[in-house]
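Here's the structure, in structure tokens; my notes come after.
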Amino acid sequence: MSNPRGAFDPGLLRYATEPGSSSFTDFLSSAAPGLLPGATHPGPQAPHGTTIVAALFAGGVVMAGDRRATAGNLIAQRDIEKVYAADDYTLIGIAGTAGLAIEIVRLYQVELEHYEKIEGTQLTLDGKANRLGSMIRGNLGQAMQGLAVVPLFAGVEVSDRAGERVAKIYSYDVTGGRYPEQHYHSVGSGSLFAKGSLKKRWRPELDRAGVIRVVVEALYDAADDDSATGGPDVSRGIYPVVMVATAAGTERVGDDELAGIVTDIIADRTEHPGS
Amino acid sequence: MSMPFYASAEQIMRDRSEYARKGIARGRSVIVTTYADGVLFVAENASFALHKVSEIYDRIGFAAVGKYNEYENLRVAGVRLADLRGYSYDRRDVTARALANAYAQTLGAIFTEQQKPFEVEICVAEVGETADEDQLYRISYDGTIVDEPDFLAMGGGQTEAITNNMKERFAAGAGLREALAACVGALSSVGGSNGAPRSLPAGQLEVAVLDRNRGTRKFRRYEGAALTELLPEADGTPEAHPPGADTPPHDQDAGDPSAP
């Protein structure tokens, strides 16, 4: 059990040498830095994920992402998933270099769970948003090499300290800047079109079903004008990933419900070809 | 001229064991048992904030008795080890057996190489897909590791009496309510005045389960109203004297933990 110099090796307890830190990322960077998300030799054709949208409704927030990943002018994947539950009450969607982004989401999920287990309580929603900001900032060097990752974060405040149940959306830039958004937001290559669509269709009085329809339609509009965003693929049965967070938890909207919404949207567009 | 000091290895180990056992006996007891849906943890603990039972990973729970700062260090190290393994491999690759081994090695090393052994006894439990796959590991202050089939009791001055009492009450495949009643019955069978039973209200219990029917994370605490609803009706047995600090400082006499 002794190391060659005869000093005492505390075994597992070397993991508990900094009792002050509840951050898994801090721990990982000292215990196993090789496992941190990172790519040293960026290929010019690393797959990219594209459009993510999120919109609020009374009691919660909906986030949706298209299913396409592109590598240059090719479609790298038709059914990639870019929207995840970060924990029981928050959602995270990612646009940018897919491999790196998925790894950052995985690390972020462990980060939140780790904090909760060590401290016995959840972070506040603002705390979760700030933590994600600093992780994105940590990726800045790679963003400068063309491996940018831009997340969209949304969730419901359940911290008992605040006592409120407010849903919020946060956007980020590559430097880790964190910006609370009102009503709705979109990131990624098709975000310009998706945001224009949301601007006209989102209404504060919309309920859960109404907001789901609006975000799916925003992705439809993004796919219409942005080649890197995939539209709903009816022939293959591939629909956007749509997730909902409320104080009761997170859920993924089923493909059956989405199939109905997509059929409606396509019927509307067929009727009004100019829209 | 001073005589060179000599103590046999046997004597040193015996002294350390006695020291650790004394420390552990100062606290109050914990029972970990299997039940129909998984593993049930019942700890006698008057504090809401300083837990004896906690979640380590999806299917793994942790219970400890003894000195709080020492087992809290072990708990944090366990959470870190589990999260690190789960992050670098897969969530399914985190097992109680590996964690229990790491704890056993650490405690064994501390026991033989440090001046003062850890005054803790811990249990690592894992819930399986079926009742046959549930696992309970008991790890002692000296690194001894035992795989317990049904239940285990640890900590406090009367562990043996509690274990014997629990043996009579334990029924394999019992529901949550029955299993909890058995644990509370066994814990409260000692410590009353003149060795009589006492009652343990919800406020002095820390209860948690690893329930195989839950989602990814199987650990759940029962607190407040949810716990009171599960507990058997009070039968009028008097409570013991107000319990003292869980682990009194070393310069204080251990004595009877339930004494005022």
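The values are calculated or read from the model by the stated rules, or taken from the named source; none is laboratory data. Keep in mind that what you see is a predicted model, and the values were worked out from it rather than measured. As a convention, Cβ positions derive from the backbone with ideal geometry for all residues, glycine included, and neighbour counts pool all protein chains shown. Keep in mind that these areas ignore ligands, DNA and RNA; they rest on the heavy atoms of the full protein, side chains included. Shrake-Rupley method; radii C 1.70, N 1.55, O 1.52, S 1.80 Å.
Which one of these does B:Ala179 not meet: (1) within 21 Å of B:Gly78 (Cα to Cα); (2) out of contact with any Gly (no Cβ under 6 Å at 6 or more places or on another chain)?
Tallying (1) within 21 Å of B:Gly78 (Cα to Cα); (2) out of contact with any Gly (no Cβ under 6 Å at 6 or more places or on another chain), B:Ala179 fails exactly one: (1).
Need at least 1 residues that are touching a residue at least 24 places away in the same chain (Cβ under 8 Å) and touching a Gly at 6+ places or on another chain (Cβ under 6 Å) per element, so show me which helices (runs of 4 or more DSSP H) inside the stretch A:111-205 make the cut, counting only ones lying wholly within it.
Values: elements: A:125-138, A:140-144, A:191-201.
Passing ranges, in order: A:125-138.
Being over 30 Å from A:Tyr108 (Cα atoms), open to solvent by 40 Å² or more (accessible area, probe 1.4 Å) and either touching a helix residue (DSSP H, G or I) at 6+ places or on another chain (Cβ under 9 Å) or not in a helix (DSSP H, G or I) (or both) is the requirement here; does B:Asp132 meet it? It would help to see each step written out before you state the result.
Values: over 30 Å from A:Tyr108 (Cα atoms): yes; open to solvent by 40 Å² or more (accessible area, probe 1.4 Å): yes; either touching a helix residue (DSSP H, G or I) at 6+ places or on another chain (Cβ under 9 Å) or not in a helix (DSSP H, G or I) (or both): no.
It is false that B:Asp132 is over 30 Å from A:Tyr108 (Cα atoms), open to solvent by 40 Å² or more (accessible area, probe 1.4 Å) and either touching a helix residue (DSSP H, G or I) at 6+ places or on another chain (Cβ under 9 Å) or not in a helix (DSSP H, G or I) (or both).
Looking only at the stretch B:79-90, how many residues end up being more than 7 Å from every other protein chain (Cβ to nearest Cβ) and farther than 18 Å from A:Pro37 by Cα?
Count: 1.
Would you be able to say whether some residue in the stretch A:260-273 is in contact with a strand residue (DSSP E or B) (Cβ under 9 Å, 6 or more places away or on another chain), open to solvent by 40 Å² or more (accessible area, probe 1.4 Å) and outside any loop (DSSP other than H, G, I, E, B)?
Among the residues of the stretch A:260-273, not one is in contact with a strand residue (DSSP E or B) (Cβ under 9 Å, 6 or more places away or on another chain), open to solvent by 40 Å² or more (accessible area, probe 1.4 Å) and outside any loop (DSSP other than H, G, I, E, B), which makes the answer no.
I'd like the residue in the stretch A:111-149 that is surrounded by fewer than 19 Cβ atoms within 10 Å (Cβ to Cβ) and among the aliphatic types (A, V, I, L, M) and, out of all such residues, is farthest from the other protein chains (Cβ to nearest Cβ).
A:Met144
What is the residue count in the stretch A:228-238 for residues that are part of a loop (DSSP other than H, G, I, E, B), in contact (Cβ under 8 Å) with a residue 40 or more places away in the chain and either of a type in the set (Ser, Thr, Tyr) or under 18 Å from A:Arg213 (Cα atoms) (or both)? It would help to see each step written out before you state the result.
Here is the first cut: in the stretch A:228-238, the residues part of a loop (DSSP other than H, G, I, E, B) are A:228-232, A:234-237.
Next, from what is left, pick out any that are in contact (Cβ under 8 Å) with a residue 40 or more places away in the chain: A:228-231, A:236.
Subset that is either of a type in the set (Ser, Thr, Tyr) or under 18 Å from A:Arg213 (Cα atoms) (or both): A:229-231.
Qualifying residue count, the stretch A:228-238: 3.
Table: residues versus (1) surrounded by fewer than 18 Cβ atoms within 10 Å (Cβ to Cβ); (2) under 17 Å from A:His185 (Cα atoms); (3) modelled with pLDDT of 95 or more.
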{"residue": "A:Glu217", "(1), (2), (3)": "no, yes, yes"}
{"residue": "A:Ala228", "(1), (2), (3)": "no, no, no"}
{"residue": "A:Ser235", "(1), (2), (3)": "yes, no, no"}
{"residue": "A:Pro240", "(1), (2), (3)": "no, yes, yes"}
{"residue": "A:Val253", "(1), (2), (3)": "no, no, yes"}
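So, in the stretch A:1-45, exactly how many residues are among the small types (Gly, Ala, Ser), surrounded by 10 or more Cβ atoms within 10 Å (Cβ to Cβ) and modelled with pLDDT under 60? Can you show your working first?
Restricting attention to the stretch A:1-45, the residues satisfying the condition of being among the small types (Gly, Ala, Ser) are A:2, A:6-7, A:11, A:16, A:20-23, A:29-32, A:34, A:38-39, A:43.
Keeping just the survivors that are surrounded by 10 or more Cβ atoms within 10 Å (Cβ to Cβ) gives A:2, A:11, A:16, A:21-23, A:29-32, A:38-39, A:43.
Checking which are modelled with pLDDT under 60 leaves us with A:2, A:43.
Number satisfying all stated conditions: 2.
For the list (1) in a strand (DSSP E or B); (2) in contact with an Asp or Glu (Cβ under 9 Å, 6 or more places away or on another chain), I need the number of the one condition that A:Ala64 fails.
Exception for A:Ala64: condition (2).
Okay, residues lined up against (1) in contact with a helix residue (DSSP H, G or I) (Cβ under 7 Å, 6 or more places away or on another chain); (2) β-branched (Val, Ile, Thr); (3) buried (at least 24 other Cβ atoms within 10 Å of the Cβ); (4) more than 14 Å from every other protein chain (Cβ to nearest Cβ):
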position	(1), (2), (3), (4)
A:Gln77	no, no, no, yes
A:Glu81	no, no, no, yes
A:Thr90	yes, yes, yes, yes
A:Ile94	yes, yes, yes, yes
A:Gly99	no, no, no, yes
A:Glu103	no, no, no, no
A:Gln109	no, no, no, no
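Identify all residues within the stretch B:98-113 that are more than 7 Å from chain A (Cβ to nearest Cβ) and either polar (S, T, N, Q) or touching an Asp or Glu at 6+ places or on another chain (Cβ under 8 Å) (or both); write none if there are none.
If the condition is that a residue be more than 7 Å from chain A (Cβ to nearest Cβ) and either polar (S, T, N, Q) or touching an Asp or Glu at 6+ places or on another chain (Cβ under 8 Å) (or both), then B:Asn101, B:Leu107, B:Gly108, B:Phe111, B:Thr112 are the ones that fit.
Working carefully through the options B:Ile145, B:Ile122, find the one that is in contact with a Phe, Trp or Tyr (Cβ under 8 Å, 6 or more places away or on another chain), over 13 Å from B:Phe41 (Cα atoms) and touching a residue at least 24 places away in the same chain (Cβ under 8 Å).
Details: B:Ile122 fails: over 13 Å from B:Phe41 (Cα atoms).
On inspection, the qualifying residue turns out to be B:Ile145.
Among the numbered conditions (1) open to solvent by 50 Å² or more (accessible area, probe 1.4 Å); (2) facing chain A (nearest Cβ under 10 Å), tell me where B:Phe118 comes up short.
Of everything listed in (1) open to solvent by 50 Å² or more (accessible area, probe 1.4 Å); (2) facing chain A (nearest Cβ under 10 Å), B:Phe118 misses just condition (1).
Against the definition (touching a Lys or Arg at 6+ places or on another chain (Cβ under 6 Å) and more than 8 Å from chain A (Cβ to nearest Cβ)), how does B:Glu55 come out, yes or no?
Considered against the rule, which asks whether it is touching a Lys or Arg at 6+ places or on another chain (Cβ under 6 Å) and more than 8 Å from chain A (Cβ to nearest Cβ), B:Glu55 comes out as no.
Residue check, B:Arg177 against (1) in contact (Cβ under 8 Å) with a residue 60 or more places away in the chain; (2) open to solvent by 30 Å² or more (accessible area, probe 1.4 Å), all met but one. Which one?
(1)
Looking only at the stretch B:112-125, filter to residues that are outside any helix (DSSP H, G or I) and among the β-branched types (Val, Ile, Thr); which one of those is farthest from B:Glu55 (Cα to Cα)? Break it down into steps so the answer makes sense when it comes.
Residues of the stretch B:112-125 that are outside any helix (DSSP H, G or I), as a first pass: B:114-125.
Okay, now just the ones that are also among the β-branched types (Val, Ile, Thr), so B:120, B:122, B:124.
Values: B:Val120: 18, B:Ile122: 13, B:Val124: 10 Å.
Among those residues, the one meeting the criterion is B:Val120.
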